[in-house]
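S.K.: Here you go, one structure.
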Amino acid sequence: MSWKNDIKFSIMFVVAHCVTLYRRLKVYLGILKTKYGIIGYQLNQHGIPLSDLFAEEIHNAASQYDRFREDDVVVATYAKSGTNFTEDIVASIYAEVGLHQRGYKPHVRMEFTFFKAPNKENLMAHVDAIPSPRIISTHLQWDHLPERVRNGTVRTIHCLRNPKDVVCSGFPFFRKLGVIHPNLTWKEFFQHFLDENIIHGGYFQYVRQWYAHRHQKNLLNLEYEDLKRNLRENVVKIAEFLGQSLTEEQIERVVTENTFENKKKSVGSKHLIYRNGKSGGWRSELTVEQNELMDEKIKSEFEDLGELNLQYD
């Protein structure tokens, strides 16, 4: 029920707020390093910027993970590019065919455990603990994904979103999550995004790496904007990729469950992930100058990627 979710996430926000205040104190005292606005700034073994909330040891271990199961599906995305949207569709499909109970999401984020590994003997214990069939999501840059994902052994769904909406969605999200300094301005964050000095690594680098592998076997490529616009068609596509056959009635239930309006109602109004769910929201958030700068960056980075067709509405 919605009110239960509201209570749940209110408690989570109180805890998160306390953690954020504690971390801000550590920044003030000079204990936590801040660079590019990232609190607890550090680089992982691949030179990717991280916050201390995303433990470097976990991030590195995720790149080397190899204990995949035959029925696993990996959801690979750049941050704020439809990760939860895609995971929830997969979970709804699994519920319809009886692989999991409705409302239960067999999901785990590979490189995200908050602060430190819960099991020092097995840094990926949080992944191993999830029952099958697992939905394993990741924001790892494509070249740093586990080898079995990169070589097509594991079924992988990739969801791409245009950079204008990604940067607009990322700023309030990372502020609420407490991984960027509260004094970091929108203008500064936008420039860091263009310069690729952003948590999880640069968007443009990420897309170029994925693009080189877009025809990899066992890989389903989706676009966030198309998911929003043609949800039913994409539900069918995802189900077929997972090897699941749905009736018309089941398809309609999955579609209904995963509209933004119903999803936000089901998780509660205070949920961190679901903001406005719009494609093209950048039109009211980017200044004319920022839009022109982004267009220049997109052209310089992607002009040679002939098959790339980013959607902006």
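The values are calculated or read from the model by the stated rules, or taken from the named source; none is laboratory data. These numbers were taken from a predicted model, which means no experiment stands behind them. Positions of Cβ are backbone-derived with ideal geometry, glycine not excepted, and every protein chain shown enters the neighbour counts. Note: accessible area is taken over every heavy atom of the protein model, side chains too, but ligands, DNA and RNA are not part of it. Shrake-Rupley method; radii C 1.70, N 1.55, O 1.52, S 1.80 Å.
S.K.: Residue by residue through region 1-58, note down the ones that are of a type in the set (S, T, N, Q), open to solvent by less than 30 Å² (accessible area, probe 1.4 Å) and modelled with pLDDT of 85 or more. Quick ask: steps written out before the conclusion?
M.R.: To start, the set of residues in region 1-58 that are of a type in the set (S, T, N, Q) comprises 2, 5, 10, 20, 34, 42, 44-45, 51.
Narrowing further to those that are open to solvent by less than 30 Å² (accessible area, probe 1.4 Å): 20, 44, 51.
The answer is none; no residue qualifies.
S.K.: Sticking with this structure for a sec: Of all residues in region 298-313, which are part of a loop (DSSP other than H, G, I, E, B) and either surrounded by 10 or more Cβ atoms within 10 Å (Cβ to Cβ) or touching a residue at least 24 places away in the same chain (Cβ under 8 Å) (or both)? I'd like the intermediate steps shown before the answer.
M.R.: In the first step, residues of region 298-313 are kept if they are part of a loop (DSSP other than H, G, I, E, B); the result is 303-313.
Once the filter is applied, which keeps residues that are part of a loop (DSSP other than H, G, I, E, B) and either surrounded by 10 or more Cβ atoms within 10 Å (Cβ to Cβ) or touching a residue at least 24 places away in the same chain (Cβ under 8 Å) (or both), region 298-313 yields Leu305, Glu307, Leu308, Leu310, Gln311, Tyr312, Asp313.
S.K.: Among the numbered conditions (1) out of contact with any strand residue (DSSP E or B) (no Cβ under 7 Å at 6 or more places or on another chain); (2) under 27 Å from Ala91 (Cβ atoms); (3) open to solvent by less than 10 Å² (accessible area, probe 1.4 Å), tell me where Arg232 comes up short.
M.R.: For Arg232, the failing item is (3).
S.K.: Among the candidates Ser137, Ser132, single out the residue that is open to solvent by 40 Å² or more (accessible area, probe 1.4 Å), over 27 Å from Arg283 (Cβ atoms) and outside any helix (DSSP H, G or I).
M.R.: Working: Ser137 fails: open to solvent by 40 Å² or more (accessible area, probe 1.4 Å).
Only one candidate passes the filter, namely Ser132.
S.K.: Turning to a different aspect of this structure: Being part of a helix (DSSP H, G or I) and without any contact (Cβ under 8 Å) to a residue 12 or more places away in the chain is the filter here, so list the residues in region 189-211 that pass it.
M.R.: Within region 189-211, the subset part of a helix (DSSP H, G or I) is 189-194, 203-211.
Once the filter is applied, which keeps residues that are part of a helix (DSSP H, G or I) and without any contact (Cβ under 8 Å) to a residue 12 or more places away in the chain, region 189-211 yields only Gln191.
S.K.: Provide a single number: the residues in region 233-253 that are under 21 Å from Thr77 (Cβ atoms) and part of a helix (DSSP H, G or I).
M.R.: Of the residues in that region, 9 qualify.
S.K.: Report every pair of residues separated by at least 6 positions or lying on different chains whose Cβ atoms are under 7 Å apart, first residue within region 163-188 and open to solvent by less than 10 Å² (accessible area, probe 1.4 Å), second acidic (Asp, Glu) and part of a loop (DSSP other than H, G, I, E, B).
M.R.: Hits for this filter: Cys168/Glu285.
S.K.: From the set of residues in region 172-200 that are aromatic (Phe, Trp, Tyr) and touching a strand residue (DSSP E or B) at 6+ places or on another chain (Cβ under 8 Å), which is farthest from Leu21 (Cα to Cα)?
M.R.: Phe189
S.K.: Any residue in region 135-159 that is on the phi > 0 side of the Ramachandran plot sitting within a Cβ distance under 7 Å of a residue that is of a type in the set (Lys, Arg) and surrounded by fewer than 20 Cβ atoms within 10 Å (Cβ to Cβ)? List the pairs, counting only those 6 or more apart or interchain.
M.R.: That search, which allows pairs on different chains as well, returns Gly152/Lys217.
S.K.: Can you list residue pairs whose Cβ atoms sit under 7 Å apart, with the first residue in region 60-89 being farther than 24 Å from Leu50 by Cβ and the second being small (Gly, Ala, Ser) and open to solvent by 10 Å² or more (accessible area, probe 1.4 Å)? Count only pairs 6 or more apart in sequence or on different chains.
M.R.: Arg69/Ser132; Asp71/Ser132
S.K.: Restricting to region 254-297, what's the tally of residues that are at pLDDT 80 or above, crowded, with 17+ Cβ neighbours inside 10 Å and assigned to a helix (DSSP H, G or I)?
M.R.: Residues flagged as at pLDDT 80 or above, crowded, with 17+ Cβ neighbours inside 10 Å and assigned to a helix (DSSP H, G or I) within region 254-297 amount to 7.
S.K.: Moving on. Do you know which residues across region 196-207 are in contact with a Phe, Trp or Tyr (Cβ under 8 Å, 6 or more places away or on another chain) and either surrounded by fewer than 18 Cβ atoms within 10 Å (Cβ to Cβ) or hydrophobic (A, V, I, L, M, F, W, C) (or both)?
M.R.: Result: Glu196, Asn197, Ile198, Ile199, Phe204, Val207.
S.K.: Just the residues that are among the polar types (S, T, N, Q) and out of contact with any Asp or Glu (no Cβ under 9 Å at 6 or more places or on another chain), please, taken from region 133-190. Quick ask: steps written out before the conclusion?
M.R.: Filtering region 133-190 down to residues among the polar types (S, T, N, Q) leaves 137-138, 141, 151, 153, 156, 162, 169, 183, 185.
Within region 133-190, Gln141, Asn151, Thr156, Ser169, Asn183, Thr185 qualify.
S.K.: Does Asp313 fit the bill of being charged (D, E, K, R) and modelled with pLDDT of 95 or more? Explain how you work it out, then say what you get.
M.R.: Values: charged (D, E, K, R): yes; modelled with pLDDT of 95 or more: no.
Answer is no for this residue.
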